[in-house]
2 protein chains.
Amino acid sequence: MNLTDIQALDQQDPLAYKRDEFDLPPNCIYLDGNSLGALPTAVKPRVADLVTQQWGNSLITSWNSHNWIDLPVNIGEKIAPLIGAAPQQVICCDSISVNLFKVLCAALALNPGRTQVLSTQDNFPTDLYMVQGVTELLGSDKCQLKMVQETQITEHLNDSVAVLLLTQVNFRTGRLLDMKQLTQRAHDKGILVIWDLAHSAGAFPIELDSCEVDFAVGCGYKYLNGGPGAPAFLYVAKGHQSACVQPLLGWMGHSKPFDFAPLYQPAADIKRFLSGTPSVVAMSVLDAALDVWTDVNLVQVREKSIALAEVFMTLINAHDCLHTLQLVSPIAAEQRGSQLAYRHEQAFAICQALIDRGVIADFRAPDLIRFGLTPLYTSFEDIWHSVNHLLEVVNNKLFLEPRFNQILKVT
Amino acid sequence: MNLTDIQALDQQDPLAYKRDEFDLPPNCIYLDGNSLGALPTAVKPRVADLVTQQWGNSLITSWNSHNWIDLPVNIGEKIAPLIGAAPQQVICCDSISVNLFKVLCAALALNPGRTQVLSTQDNFPTDLYMVQGVTELLGSDKCQLKMVQETQITEHLNDSVAVLLLTQVNFRTGRLLDMKQLTQRAHDKGILVIWDLAHSAGAFPIELDSCEVDFAVGCGYKYLNGGPGAPAFLYVAKGHQSACVQPLLGWMGHSKPFDFAPLYQPAADIKRFLSGTPSVVAMSVLDAALDVWTDVNLVQVREKSIALAEVFMTLINAHDCLHTLQLVSPIAAEQRGSQLAYRHEQAFAICQALIDRGVIADFRAPDLIRFGLTPLYTSFEDIWHSVNHLLEVVNNKLFLEPRFNQILKVT
């Protein structure tokens with residue numbers, strides 16, 4: 001496989017034109033869109049208009065005249081088709097952590113008599129912490145976290161489990177769990193299922209409705225490119241909505257929020273999962289970013305993601321000296337999300353050396369390098385050059401330079 | 001009192017120069033800064049830099065290089081002096097509703113054996129709803145909301161009350177409660193106190209530390225001018241921090257967030273009140289907005305607020321035909337926040353007619369008009385012209401025009 005082969009792949013890429021809808025820095029190959037998505041060009045005029053015209057000029061009247069009040073619902077409806085949800089089941093609000101608390105409490109209340117929340121040891125920590133927070137609040141007679149290995153989930157599904165809480169794609173390894181099968185098996189045991197879509201939404205097709213998922217949460221700042229710390233979303237299957245109430249009762253979730261009545265009465269629909277006033281600036285950024293998806297076929301996104309990964313792995317495997325990098329992501333495409341993770345004892349320094357050369361990947365302690373694949377703005381040639389940089393760093397042991405030593409990193 | 005007198009007040013106003021630090025629309029008098037603060041000019045370059053350079057160009061590395069990770073703490077420290085809090089007690093995150101849930105659960109856990117949360121019937125509804133949410137979650141044997149009139153608070157302080165939850169300034173009437181006295185009386189009965197500063201922070205001096213307040217929450221989008229739905233803040237007195245844990249355990253509140261360990265271990269300090277990843281865009285806007293306060297003396301803000309209100313009331317009282325407007329705010333300045341509310345059976349239509357003439361006040365069902373006074377950008381001449389417009393609307397019964405009829409409004 002040579003550069004000409006690679007360039008041919010880019011020429012045939014049906015998504016290649018999408019790259020122009022992002023502002024990517026010069027001399028940079030960005031392989032960290034699984035952590036923070038790149039900037040869609042449409043965001044800049046939108047945020048300028050939001051600040052200068054909507055806030056600055058129209059001030060408070062914009063809640064109606066610019067429809068700020070409907071942003072949580074309208075953004076939810078933009079996300080819905082990306083995750084296989086029919087209308088009126090997705091809403092945008094708060095952070096993924098806070099939303100997880102809401103659906104966790106709602107799910108536990110829907111499954112009385114059972115107390116166990118089953119999850120994986122290697123789930124993203126916030127998910128596990130939120131269960132621990134519920135336990136601390138309600139007591140271990142109401143909520144108990146049980147953590148198992150990803151390979152052992154099925155055998156732990158039994159009738160003491162109230163809720164199965166899974167992240168579809170492992171944030172470290174990129175392993176993709178089988179949503180349909182696991183949801184079905186959980187339901188067979190009377191267990192409700194919450195899926196965390198942090199590393200899935202915008203990465204590949206998701207079918208919440210057809211998998212009969214009960215609840216889901218997801219974030220706006222990774223593959224959805226909604227900006228750092230973008231508002232999150234949550235999904236509640238239509239059939240559950242009227243039966244469940246979440247505990248973070250804020251005025252925006254009230255059936256008549258502008259009555260300002262002292263007693264809470266939940267909205268009849270998904271809006272009951274809203275709490276307080278959301279950041280209109282943050283929501284508007286995400287709203288603009290989501291317009292990138294209007295003409296995108298997620299099947300093509302998935303196909304390109306797999307092709308990018310195959311090229312990456314093929315190029316790595318072609319160089320003997322890169323065999324010190326151990327792939328921890330599944331080799332089989334159908335078991336993988338849209339990232340590749342490699343283990344190396346010098347992972348941290350290698351990652352810094354790559355960043356120094358303009359290849360942004362990320363490090364996860366103690367020894368992983370993650371390469372995120374974002375088909376809307378990553379080209380096959382990006383992958384080619386990335387592997388060449390990696391080759392130079394590893395082959396010449398550039399990672400031994402003392403300067404490649406100090407940084408923090410955020411999911 | 002004539003226009004020359006009014007203009008003399010503006011000429012003597014030590015805060016008059018601050019108006020240039022805001023972008024106010026032409027031909028508009030904005031008396032709704034108690035609902036959504038005006039746009040500080042410093043926000044525009046900051047948000048453009050945040051989006052284009054920090055996010056667009058530096059991407060994920062900005063969490064360190066642009067110090068995104070410290071925004072919650074750094075913004076908290078900017079707010080602290082505005083509310084009379086020594087360092088390390090204030091943090092910026094989430095919405096005021098969500099933060100209220102955190103401190104409410106923390107306060108209840110600090111006062112075991114007691115179950116009652118005492119509040120006022122006329123508190124801002126989200127505050128009351130959050131207590132109802134905790135009751136729904138924990139059961140009424142753990143948390144019960146008791147609502148009383150503002151004038152009856154003291155007589156209901158007894159040893160079955162766990163937490164006194166008060167908003168310092170009533171969102172409808174603008175009545176200001178006595179923080180020092182009520183906190184002291186509650187403490188005398190072993191009650192912990194939470195103050196909601198939504199309509200206080202940035203409106204006048206607040207002394208949380210010297211009043212020995214236990215917890216407080218507040219919002220960034222009113223007198224702090226942080227933009228629509230700006231992130232909120234919370235205060236936890238230093239002495240309580242190590243003893244209390246809030247239940248929304250997110251990864252940012254962990255003592256070692258980048259270890260991504262499966263078991264939660266709270267940060268030793270105020271950071272344990274963080275949950276998930278905050279919106280960096282929203283936080284940056286608020287951060288830029290707060291720089292307006294660097295050279296502001298809140299005593300002067302309070303003096304001007306009172307003077308603006310006195311002028312407003314004096315002008316209203318000078319016109320017989322305006323006597324149909326009934327003041328519901330306290331006449332005594334020391335019992336009032338930074339707004340005036342008037343009752344009129346045509347309040348809604350009067351409010352619309354004023355907006356039509358470029359005077360932005362707001363309506364609260366069923367019959368109140370609120371005039372917010374924001375000394376940083378409201379002049380005495382603004383008040384003069386506002387009352388003249390009000391006079392024309394009421395005197396000529398312009399509010400009877402059918403077009404002044406349809407709108408929603410947000411706190």
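The values are calculated or read from the model by the stated rules, or taken from the named source; none is laboratory data. Here the structure is a predicted model, which is why all the values come from computation and not from measurement. Virtual Cβ from ideal backbone geometry, glycine too; neighbours counted across all protein chains shown. Please note that ligands, DNA and RNA were not included when accessible areas were found on the heavy atoms of the full protein model with its side chains. Shrake-Rupley method; radii C 1.70, N 1.55, O 1.52, S 1.80 Å.
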Residue ID - surrounded by the most Cβ atoms within 10 Å (Cβ to Cβ), chosen from residues in region A:198-233 that are away from every other protein chain (no Cβ under 14 Å) and part of a strand (DSSP E or B): A:A216
Boolean, A:D196 is among the acidic types (D, E) and either more than 26 Å from A:L286 (Cβ to Cβ) or more than 17 Å from the chain's Cα centre (by Cα) (or both): no
Residue identified as among the aliphatic types (A, V, I, L, M) and exposed (fewer than 15 other Cβ atoms within 10 Å of the Cβ) among B:L354, B:L322, B:L391, B:L400: B:L400
Number of the exception - A:I96 against (1) surrounded by fewer than 24 Cβ atoms within 10 Å (Cβ to Cβ); (2) within 10 Å of another protein chain (Cβ to nearest Cβ); (3) of a type in the set (A, V, I, L, M): (1)
Subset tally (residues that are touching a residue at least 40 places away in the same chain (Cβ under 8 Å) and open to solvent by 10 Å² or more (accessible area, probe 1.4 Å)) for region B:55-77: 3
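Kindly evaluate A:N34 against the criterion of being more than 8 Å from chain B (Cβ to nearest Cβ), assigned to a loop (DSSP other than H, G, I, E, B) and surrounded by fewer than 18 Cβ atoms within 10 Å (Cβ to Cβ).
no
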Number of positions in region B:131-161 that are within 11 Å of another protein chain (Cβ to nearest Cβ) and assigned to a strand (DSSP E or B): 2
Residue match in region B:119-130 (condition: crowded, with 23+ Cβ neighbours inside 10 Å, within 13 Å of chain A (Cβ to nearest Cβ) and more than 25 Å from the chain's Cα centre (by Cα)): no
From B:A8, B:A48, B:A16, B:A42, residue being more than 10 Å from every other protein chain (Cβ to nearest Cβ), small (G, A, S) and either under 30 Å from A:G229 (Cα atoms) or open to solvent by 60 Å² or more (accessible area, probe 1.4 Å) (or both): B:A42
Condition met for B:A332 (under 24 Å from the mean Cα position of the chain (by Cα) and within 14 Å of chain A (Cβ to nearest Cβ)): no
Residues that are in a loop (DSSP other than H, G, I, E, B) and touching a residue at least 40 places away in the same chain (Cβ under 8 Å), drawn from region A:88-112: A:Q88, A:Q89, A:C93, A:D94, A:S95, A:N111
Number of positions in region A:183-197 that are open to solvent by less than 10 Å² (accessible area, probe 1.4 Å) and either farther than 24 Å from A:G37 by Cα or not aromatic (F, W, Y) (or both): 7
Within region B:245-281, tally of residues that are open to solvent by less than 10 Å² (accessible area, probe 1.4 Å), more than 11 Å from chain A (Cβ to nearest Cβ) and assigned to a loop (DSSP other than H, G, I, E, B): 1
Single match in A:R343, A:R357, A:R370 (criterion: without any contact (Cβ under 8 Å) to a residue 60 or more places away in the chain and either within 30 Å of A:I206 (Cα to Cα) or more than 14 Å from chain B (Cβ to nearest Cβ) (or both)): A:R343
Residues (assigned to a loop (DSSP other than H, G, I, E, B) and either charged (D, E, K, R) or over 18 Å from the mean Cα position of the chain (by Cα) (or both)) located in region A:339-377: A:H344, A:E345, A:Q346, A:R357, A:G358, A:A365, A:P366, A:D367
Evaluation of A:P40 against (1) under 30 Å from A:D382 (Cα atoms); (2) at pLDDT below 95 (one fails), failing number: (2)
